[in-house]
Amino acid sequence: MILFITWLAAATGLFLFIRWLSRFLSKFNLPNDIRLLILIGFSGVMLVAALSFLWRQGAKEPSVPTEASTGSPKKPQTELDLETYESTTYPELYGLRQEMLKQLANLHTFFGKITAWADLMPTQRPFLQTIIDIRWEQSKQLQAAYDAIDRSRRAFWLHYHTGEDKHVRTMFNDEAVRLQKRIQDALGDSREFQLAEADAIHTYLQKVDTLLKDPELPKPKRGQAPNTVFTPYSDQNRQTLLNVLTTKQENSILPNLHQLQQEEQRIREKLAYMLQYQQVNTDLLEETKDLILAWNDALIYNQYAQYRILFATEALETTSLLGIAPNNRDYAWLLKELRELAPSILAQAQTERDIAAYSYNPDLANAKRKQQRH
């Protein structure tokens, strides 16, 4: 493009020069043949100079490579080449090695997500730590085995391309069999870790079911307040689990949880009223104190009922994140228990609420006051 513009500029300049020279010579009283000779001479000189300049510019332009000159050099042997060679020549070795890589990738994905899961479900952290410990050991052993196997195959590839390839191939045939056995052993060890994890999940869900069926509050340690033997779910965590149940359309569980939530709100309103009432009616401190304790017990049992349902829901969601399918025997069994027990858990909380609601008894109150006077 630049060379074309240069040519155009030179032609235009030469034309303008000839035109100017013709007008200039017309001012002199010269014969026509002399004037034409001068015009041709000067124009020729200018034309030769322009052509010489343009020729030099063309020589400086880089030549466009032809198909023959763009042929790429032979690529060095790469890891991809080894992958291709292995998949076609030793397909069984290749397939086993891919299984190892798949397991390692899944383990790395798990370790990348586990922190977020623990933050989302803090009550499941002890259980998640058990799974972390199992999978960490599995990952270490599997990675060590893979590194040794991969080193051997890459060493073969080096010798294959630098030595006598037929000899190297013959020697590697036995090595390939040994590597296949090593991978099978490593995958077998990995399977043992998977079975250990399955046992841990089974044991954990059994404990969750025991908690689900036990209406009694955990016994407080010496000096521990009853409302500290468990930690109620925060509003955010509770809403997360309610969303899970809603998404899964667990209509045999959700209504019971919603009713427990509504009842908790009513109990809190009653407690707030009693505290205000106590400040005004200072002569009823004893009565309001007893009533506050009764309703506070009802609140604790209500929260514990929610805790049992939410904890079981969260345990199921955790195992689902770990890869347990809904048709898994332990998962399906606990879900069935949760669906069946949710109404009775609500009823147990209502029973504790009724103890406070029907606690008013003037005869007992009067007898207590008479006893205090004497």
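The values are calculated or read from the model by the stated rules, or taken from the named source; none is laboratory data. Predicted model, so just to flag it, every value in this text is computed and none were measured. Cβ: placed from backbone, ideal geometry, glycine included. Neighbour counts: every protein chain shown. Ligands, DNA and RNA are excluded from the accessible area calculation, which covers all protein heavy atoms including side chains. Shrake-Rupley method; radii C 1.70, N 1.55, O 1.52, S 1.80 Å.
Give the residues of region 108-129 that are of a type in the set (S, T, N, Q) and either touching a strand residue (DSSP E or B) at 6+ places or on another chain (Cβ under 7 Å) or open to solvent by 60 Å² or more (accessible area, probe 1.4 Å) (or both), sorted by residue number. Spell out the reasoning first.
Narrowing region 108-129 to residues of a type in the set (S, T, N, Q): 109, 115, 123-124, 129.
The answer is Thr109, Thr115, Gln129.
Can you tell me which of Arg153, Arg178 is open to solvent by less than 80 Å² (accessible area, probe 1.4 Å) and of a type in the set (D, E, K, R)? Even if it seems obvious, please write down each step before you answer.
Values: Arg178 fails: open to solvent by less than 80 Å² (accessible area, probe 1.4 Å).
From the options Arg153, Arg178, the qualifying one is Arg153.
Scan region 85-136 for residues that are of a type in the set (A, V, I, L, M, F, W, C), over 30 Å from Phe156 (Cβ atoms) and assigned to a helix (DSSP H, G or I) and report the count. Please lay out each step first, then the result.
Taking region 85-136 as the starting set, the residues that turn out to be of a type in the set (A, V, I, L, M, F, W, C) are 93, 96, 100-101, 104-105, 107, 110-111, 114, 116-118, 120-121, 127-128, 131-132, 134, 136.
Next, only the ones that are over 30 Å from Phe156 (Cβ atoms) stay: 110-111, 114, 116-118, 120-121, 127-128, 131-132, 134, 136.
Still in the list and also assigned to a helix (DSSP H, G or I): 110-111, 114, 116-118, 120, 127-128, 131-132, 134, 136.
Number satisfying all stated conditions: 13.
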With (1) open to solvent by less than 80 Å² (accessible area, probe 1.4 Å); (2) closer than 30 Å to Thr89 by Cβ as the list, and Met171 as the residue in question, which single condition is left unmet? (1)
So Asp283 passes all but one of these: (1) open to solvent by 40 Å² or more (accessible area, probe 1.4 Å); (2) modelled with pLDDT of 95 or more. Which condition number does it fail? (2)
Restrict the check to region 148-171 and report whether at least one residue is more than 29 Å from Ser320 (Cβ to Cβ), acidic (Asp, Glu) and in a helix (DSSP H, G or I). yes
Looking only at residues in region 135-150 that are aliphatic (A, V, I, L, M) and surrounded by fewer than 16 Cβ atoms within 10 Å (Cβ to Cβ), which one is nearest to the chain's Cα centre (by Cα)? Ala144
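Name the one entry in Asn243, Asn256, Asn251 that is of a type outside the set (A, V, I, L, M) and under 23 Å from Ala298 (Cα atoms).
Working: Asn243 fails: under 23 Å from Ala298 (Cα atoms); Asn251 fails: under 23 Å from Ala298 (Cα atoms).
Criteria check complete, one pass: Asn256.
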First in region 261-289 and over 30 Å from Gln236 (Cβ atoms), second anywhere and at pLDDT below 95 and hydrophobic (A, V, I, L, M, F, W, C), Cβ under 6 Å, 6 or more apart: Thr288/Met274
Output the residue which, of all residues in region 187-240 that are among the small types (Gly, Ala, Ser) and farther than 30 Å from Leu107 by Cα, is modelled with the lowest pLDDT. Ala225
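Quickly run through region 241-280 and pick out the residues that are small (Gly, Ala, Ser) and either out of contact with any Lys or Arg (no Cβ under 6 Å at 6 or more places or on another chain) or loosely packed, with under 12 Cβ neighbours inside 10 Å (or both). Talk me through it step by step, then tell me what you get.
We begin by selecting, within region 241-280, every residue small (Gly, Ala, Ser); these are 252, 272.
Listed by number, the list holds a single entry, Ala272.
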Is it the case that Thr210 is open to solvent by 70 Å² or more (accessible area, probe 1.4 Å), of a type in the set (Val, Ile, Thr), out of contact with any Leu (no Cβ under 7 Å at 6 or more places or on another chain) and part of a helix (DSSP H, G or I)? yes
Quick check: is even one residue across region 179-200 touching a residue at least 24 places away in the same chain (Cβ under 8 Å), assigned to a loop (DSSP other than H, G, I, E, B) and either over 22 Å from Ala349 (Cβ atoms) or aliphatic (A, V, I, L, M) (or both)? no
State yes or no: is Ile183 among the β-branched types (Val, Ile, Thr) and in contact with an Asp or Glu (Cβ under 9 Å, 6 or more places away or on another chain)? yes
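Name the one entry in Lys219, Lys213 that is within 24 Å of Pro126 (Cβ to Cβ), touching a residue at least 12 places away in the same chain (Cβ under 8 Å) and more than 24 Å from the chain's Cα centre (by Cα).
Working: Lys219 fails: touching a residue at least 12 places away in the same chain (Cβ under 8 Å).
Criteria check complete, one pass: Lys213.
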Mind listing whichever residues of region 297-328 are more than 21 Å from Thr351 (Cα to Cα) and of a type in the set (Phe, Trp, Tyr)? Phe311
So, in region 218-240, exactly how many residues are on the phi < 0 side of the Ramachandran plot and either aromatic (Phe, Trp, Tyr) or exposed (fewer than 15 other Cβ atoms within 10 Å of the Cβ) (or both)? 16
Note: among Ile355, Ile324, just one is surrounded by fewer than 20 Cβ atoms within 10 Å (Cβ to Cβ), β-branched (Val, Ile, Thr) and not in a helix (DSSP H, G or I), namely Ile324
